Every structure is written in structure tokens, then in C-alpha cells.
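What follows is a short report on a single structure.
Taken together, the values in this text are just the output of simple stated rules run on the coordinates, not laboratory data. What you see is a predicted model, and the numbers here were worked out from it, not measured in a lab.
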Amino acid sequence: MMAEARIRSTCEDTRERLIAAAREVFSQNGFQGATVREICRRAEANVAAVNYHFGGKDGLLAEALNFAPLKALQKKNTAADGCPKVRLQLFIHDFMLMLLDEKNVSLQCRIMARELADPTPALDQIVREAIAPLHEFLGQLLREIVGKNMSEAVLRRSVYSIFGQCLFYRHSHPVLQRLNPKLRYDHKEINAIAAHIAAFSLAGIERLAEPD
């Protein structure tokens with residue numbers, strides 16, 4: 001019994017190391033650029049372990065794409081006190097922290113960002129399990145702000161615009177650092193970016209929601 005318990009513990013430890021390493025490699029290199037060999041090297045595991053535990057690279061990606069942090073963000077926002085405008089500001093702030101905070105990295109968000117910039121077959125799962133629910137959540141929040149004074153098409157584009165602003169700071173970081181060498185994504189800067197996106201977006205959707 002003791003030997004069986006040790007074997008199960010060792011297998012579970014290997015599995016968790018592989019998932020952690022996979023998140024790092026997928027977030028840095030994308031699904032296509034990530035290799036099983038590199039993942040196993042970082043996890044200090046035999047290359048056969050990926051097939052044994054996950055059935056291959058696709059199965060490993062499915063396990064690595066645990067979107068619990070995004071679901072927690074939505075749950076936190078729903079439970080927050082405050083009017084919809086305040087909740088929009090909170091949503092953007094929390095989402096930007098997940099995207100940019102180097103001290104509390106959300107590798108799942110990094111993987112998402114890479115897939116959006118350079119799509120692979122993995123994007124289907126990401127859209128289904130993470131992006132679509134997130135877009136629906138933000139759309140409902142915007143609807144609380146604008147009421148019926150906005151068409152579904154304009155509302156949808158407003159959702160796209162807000163996420164576009166957020167993702168710009170992730171995708172364009174190398175360019176922005178060259179434009180502004182002193183730029184650092186510390187909490188002060190992330191707070192300022194989130195506040196700007198929220199203010200800019202609120203002004204825009206309120207203007208679009210004005211009756212003709």
C-alpha cells in the first residue's frame with residue numbers, strides 16, 4: 001500500500017510539473033512553437049510522460065488551459081458592490097492585471113494573447129471556453145450601462161473595442177518600450193492604463209448611446 005501511494009504521488013507530481021512547464025512554454029512560444037521536448041526538459045520529465053499522462057501535445061494544452069482565473073474574475077465582478085460603471089472599471093483593472101502584471105503572471109491569459117496574435121487549432125477551444133463567455137459577460141455589463149439605447153451591433157463592436165484596447169498593451173509591449181524606454185508595467189502603470197481605458201470607453205459608449 002505504501003509503495004502504491006508513493007507511485008501515485010510521483011505520477012501526480014510529474015503531471016503537475018508538466019502542466020506548469022507547458023503553460024510557460026505555450027505562453028512564450030505559442031502552441032506551434034512549443035515542443036514536447038522543451039516542456040519535458042523544464043519539467044525534468046521523460047518525453048514519453050506527455051503521451052502517458054495527456055495522450056499527446058493537444059491533450060497537454062487542454063489541461064494547461066485552465067480558465068479558472070477568468071471565471072473567478074467574472075464572479076468577483078458580479079458580486080462587487082457598485083453601479084455598472086464602477087464594475088466596468090473594476091473589470092478592466094482586474095483584466096489588465098492578469099494580462100500585464102509581471103509579478104503575478106496569468107500564463108493562461110498569455111497563451112490566449114499569443115493565440116489571438118498567431119492563431120492555431122488551439123484557438124477553437126480558447127474561444128469556446130474562455131473568450132466567448134468573457135465577451136458575453138462584458139456585453140451584459142455594457143447593456144446595464146447603456147440600457148436599450150444601443151443596437152446589438154454597436155454593443156458588440158463596443159465589446160471588441162474595449163478588449164482591443166486591453167490587448168494592445170500586451171501585444172505591442174516591445175514597440176511601446178522602444179517608444180518609451182522608461183515604460184514598466186508595475187502596479188502604478190497598470191492602474192493608470194486601466195483607468196484610462198475605462199474612462200475612454202465609458203465616454204465612447206455613452207456618446208454612442210445618446211438618442212439621435
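Data overview
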{"item": "Long-range lysine pairs (8 or more apart or interchain), the chain, Cα under 17 Å", "result": "4"}
{"item": "Fraction of alpha-carbon pairs over 13 Å apart in segment 2-64 - percent", "result": "57"}
{"item": "Stokes-Einstein D in µm²/s, Kirkwood radius over Cα pairs - segment 64-167 at 4 °C with 1.567 mPa s viscosity", "result": "90"}
{"item": "Helical mean residue ellipticity (222 nm; -39500 (n - 2.57) per DSSP H run of 4+; nearest 500) of the chain", "result": "-24500 deg cm²/dmol"}
{"item": "Cα-based Kirkwood hydrodynamic radius, the chain, one decimal, Å", "result": "19.1"}
